[in-house]
Amino acid sequence: MKHLEKYPMLVLVIGVIGISLSSIFVRFSSAPSVVTAAYRLLWTVLLMTPVALGRPEMRREFRAVEKKSILLSILSGIFLAVHFALWFESLQHTSVASSTTIVCTDVIWVSIGFCLILKGKLSGKVMATIAVMLLGSILIAWSDSASGGGHLYGDILALMGAIAIAAYTLIGRIVRATVSTTVYTYLVYSACAAVLTAVCLIQGYGLFDYGWGSLLVGLLLAVFSTILGHSIFSWALKFFSPSFVSACKLCEPVVAAIIAAFLFAEIPKPLQLLGGGLILGGVYYYSSLERKQEAAQ
């Protein structure tokens, strides 16, 4: 990793590609959405275990975690499981561009949850930005509703997935105040994997009934979209500002849409492009407002 520190921008580009491939990989799985999600998390936990439990200092940290933090981490993992199940399913019903862009509205629901649950306050500019992003979501839904084929249903699933990931984010904000990133993510991913596996078994899905191809998709999701995706963004904070890293994350719907256009011939319609632009622009502006607020404190 020391060698890679010489080229942080190149590593960050790999991270953008990694998270952007998530929605593409899902399309190539022949397994039900919840099974694909379970594969991703089971592979992630398996790959993380040597790092999380292989060192004595990490094992001591796990033993020192308070019961409240463990319970909150499990709850966070449940919401993450709901997010993956809903979002992966949405990709079976709507376009990659619509689904990934609508999932980006999680910032709206984080803000609302921060206000209602954590007693935070929203400025007039933030509320106006949220309204613009909601308008963007409505335009995408309107465009997709005219397309038929269950696209609107897929948009609704993506929106519910965004709300679920917002709940996961809010809980993480609480737990991360006292628990390290490695411990927290391992607890969350383990709980998420357990929930998704249980749902698969309850619904009668066998984890080994869908061939090696679907298992490979799960491994690719774990390696590229989780470890070489989200984990790289956390690593990149050592070299870049949080605002720049957040802005780079906004490339996901754009890169995913471009790849989907070539692989699946999914060409966004004018209203989808307008709605997507409003959402991504709103998320970027909201990030800049947060940066200014942090600088003023």
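The values are calculated or read from the model by the stated rules, or taken from the named source; none is laboratory data. Computed from a prediction, not measured in an experiment: that's the story for all the values here. Cβ placement follows ideal geometry from the backbone for every residue including glycine, while neighbour counts extend to all protein chains displayed. For the accessible areas, the whole protein counts, side chains as well, though only heavy atoms, and no ligand, DNA or RNA atoms are used. Shrake-Rupley method; radii C 1.70, N 1.55, O 1.52, S 1.80 Å.
The table below gives the values:
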| read-out | value |
| --- | --- |
| Residues of region 159-178 that turn out to be farther than 15 Å from THR105 by Cβ, among the small types (Gly, Ala, Ser) and either buried (at least 19 other Cβ atoms within 10 Å of the Cβ) or touching a residue at least 12 places away in the same chain (Cβ under 8 Å) (or both), as a count | 1 |
| Among the residues listed as LYS119, LYS125, the single one being open to solvent by 70 Å² or more (accessible area, probe 1.4 Å), modelled with pLDDT under 90, farther than 30 Å from LEU219 by Cα and in contact with a helix residue (DSSP H, G or I) (Cβ under 9 Å, 6 or more places away or on another chain) | LYS125 |
| Some residue of region 79-88 being within 14 Å of the chain's Cα centre (by Cα) and open to solvent by 50 Å² or more (accessible area, probe 1.4 Å) | yes |
| Any hit, region 148-158, residues being open to solvent by less than 40 Å² (accessible area, probe 1.4 Å), modelled with pLDDT under 80 and farther than 23 Å from GLY281 by Cβ | yes |
| Any pair with Cβ under 7 angstrom, 6 or more apart, that starts in region 205-230 at a residue that is touching a residue at least 12 places away in the same chain (Cβ under 8 Å) and of a type outside the set (S, T, N, Q) and ends at one that is open to solvent by less than 50 Å² (accessible area, probe 1.4 Å) and part of a loop (DSSP other than H, G, I, E, B) | TYR205/PRO32; TYR210/ALA31; VAL217/SER29; PHE224/LEU21 |
| Qualifying residue in region 97-111 (condition: more than 16 Å from the chain's Cα centre (by Cα) and touching a residue at least 12 places away in the same chain (Cβ under 8 Å)) | yes |
| Selection from region 40-51 of residues that are touching a helix residue (DSSP H, G or I) at 6+ places or on another chain (Cβ under 9 Å) and modelled with pLDDT of 90 or more | ARG40, LEU41, LEU42, TRP43, THR44, VAL45, LEU46, LEU47, MET48, THR49 |
| Elements of type helices (runs of 4 or more DSSP H) in region 56-139, at least 3 residues being over 19 Å from ILE163 (Cβ atoms) | 56-64, 67-90 |
| Helices (runs of 4 or more DSSP H) contained entirely in region 203-297, each with at least 3 residues that are at pLDDT 85 or above | 211-220, 251-264, 270-296 |
| SER30 being touching a residue at least 24 places away in the same chain (Cβ under 8 Å), of a type in the set (Gly, Ala, Ser), part of a helix (DSSP H, G or I) and out of contact with any Leu (no Cβ under 9 Å at 6 or more places or on another chain) | no |
| Matching residues, region 26-74, being hydroxyl-bearing (Ser, Thr, Tyr), out of contact with any Phe, Trp or Tyr (no Cβ under 6 Å at 6 or more places or on another chain) and within 30 Å of LEU263 (Cβ to Cβ) | SER29, TYR39 |
| Test: residue in region 48-63 that is of a type in the set (A, V, I, L, M, F, W, C) and touching a Leu at 6+ places or on another chain (Cβ under 6 Å) | no |
| Odd one out for ALA191 among (1) crowded, with 19+ Cβ neighbours inside 10 Å; (2) within 17 Å of the chain's Cα centre (by Cα); (3) more than 30 Å from LYS68 (Cβ to Cβ) | (3) |
| Filter pass, THR197 being open to solvent by 10 Å² or more (accessible area, probe 1.4 Å) and over 24 Å from PHE28 (Cβ atoms) | no |
